[in-house]
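Worksheet for the structure shown next.
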Amino acid sequence: MKPTRKNLLLAVGSVLVIAGSGLWIYYREFKAPKYNVPLHQRVGEVLAEETAKAVGPKGHLMLITIPTSEEPELATQLDAFHQRLKKLGNYELKDHELDTKDQPKYGIGTGLSARRFVRAVKNHPEVDAIVSFVGAPHLKVDDFAELKRKPKFIAESRSPDYLPELFASNVLQVAVVSRFVFPAPGPTRPKNAQQWFDKRYQVIDAAAMKANPPE
């Protein structure tokens, strides 16, 4: 091989290596999501599975959400929820996106007020179940009194604090909650989406809440 051709091949190879490294850095540091995608996909799937268990194979559901432009994790959860729910039954869905302008309290698993929850129940008597991706409300005596009907309620919540009263009053059927019972089941270093879910979240119903009340 002539020296000039050899040098050309070496130069081309070097350029390809540099380009490949640049793309790897870009997708790892900039393009790649900054959160655990399999974990949040599994959260969405579990919410769909628990909804189907509570409602049955068909029904009219309302999803309480917030805009996802600043919440990519929520977008991932919602996509996974819809995909999984389609495989579990025949459901009519209504999105109820809350206006969060100048209200930083809202986020994944948190923010839903008693007023907005009660209003959603009263204004939509056609729904069989409400699925909240923005937490469970802190209901007081007057709020409970306003709930003349109680559709099934499934919630994702960061905190278990308000859940015991909701379960005791049969307002809430099941919640996907940030883990508060330890140790978490499964390996210390999760290897798949379910193991990540078990490490970070837990599914709570009335019986589980009674057995393991939050401290």
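FYI, it's all coordinate maths here, none of it is from the lab. None of the values given here were measured: they were computed from a predicted structure. Cβ placement follows ideal geometry from the backbone for every residue including glycine, while neighbour counts extend to all protein chains displayed.
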Any chymotrypsin sites (Phe, Trp or Tyr not before Pro) in segment 123-210 that lie in a DSSP loop and have at most 16 other Cβ atoms within 10 Å would be F180
Any idea what the dipole of segment 142-210 comes to, in debye rounded to 20, about its Cα centre with Lys/Arg Cβ at +1 and Asp/Glu Cβ at -1?
420
Positive-end residue, segment 92-215 charge dipole about Cα centroid, Cβ charges, pick of V203, L172, V121
V203
Treat each spin label as a single point 7 Å out from the Cα along the C-beta direction, and report the Q194 to D95 distance in nm.
3.1
Just grab the label-to-label distance for R119 and K87, each label 7 Å out from Cα along the Cβ direction, in nm (one decimal).
3.7
Surrounding net charge for K86, when Lys and Arg each add one and Asp and Glu each subtract one, Cβ distance under 15 Å
-1
Looks like segment 36-211, by Cα gyration tensor root eigenvalues a ≥ b ≥ c and the a/c under 1.5 rounded cutoff (else prolate when a/b is bigger than b/c, oblate otherwise), is rounded
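Can you list, largest first and rounded to whole Å, the semi-axes you get for segment 37-84 by taking the square root of 5 times each eigenvalue of its Cα gyration tensor?
20, 13, 7
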What aspartates and glutamates does K87 reach when the alpha-carbon gap must be under 16 Å and sequence neighbours fewer than 8 apart in one chain are set aside?
E45, E49, E50, D79
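Given the convex hull over the Cα atoms of segment 160-200, what projected area results after averaging over all orientations, in nm²?
Numbers: hull surface 13.1 nm².
Its average projected convex-hull area is 3.3 nm².
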Once the Cβ-Cβ distance between K58 and K140 is put in as r, and R0 is 45 Å, what FRET efficiency do you end up with, to the nearest 0.05?
0.85
Evaluate E = 1/(1 + (r/R0)^6) for E126 and D161, where r is the Cβ-Cβ distance and R0 equals 30 Å; express this FRET efficiency to the nearest 0.05.
0.45
In whole angstrom, note down how far apart the Cα centers of segment 86-142 and segment 54-77 are.
9
Which lysines, if any, have their Cα less than 27 Å from the Cα of K210, not counting same-chain residues under 8 positions apart?
K53, K140, K148, K150, K152, K199
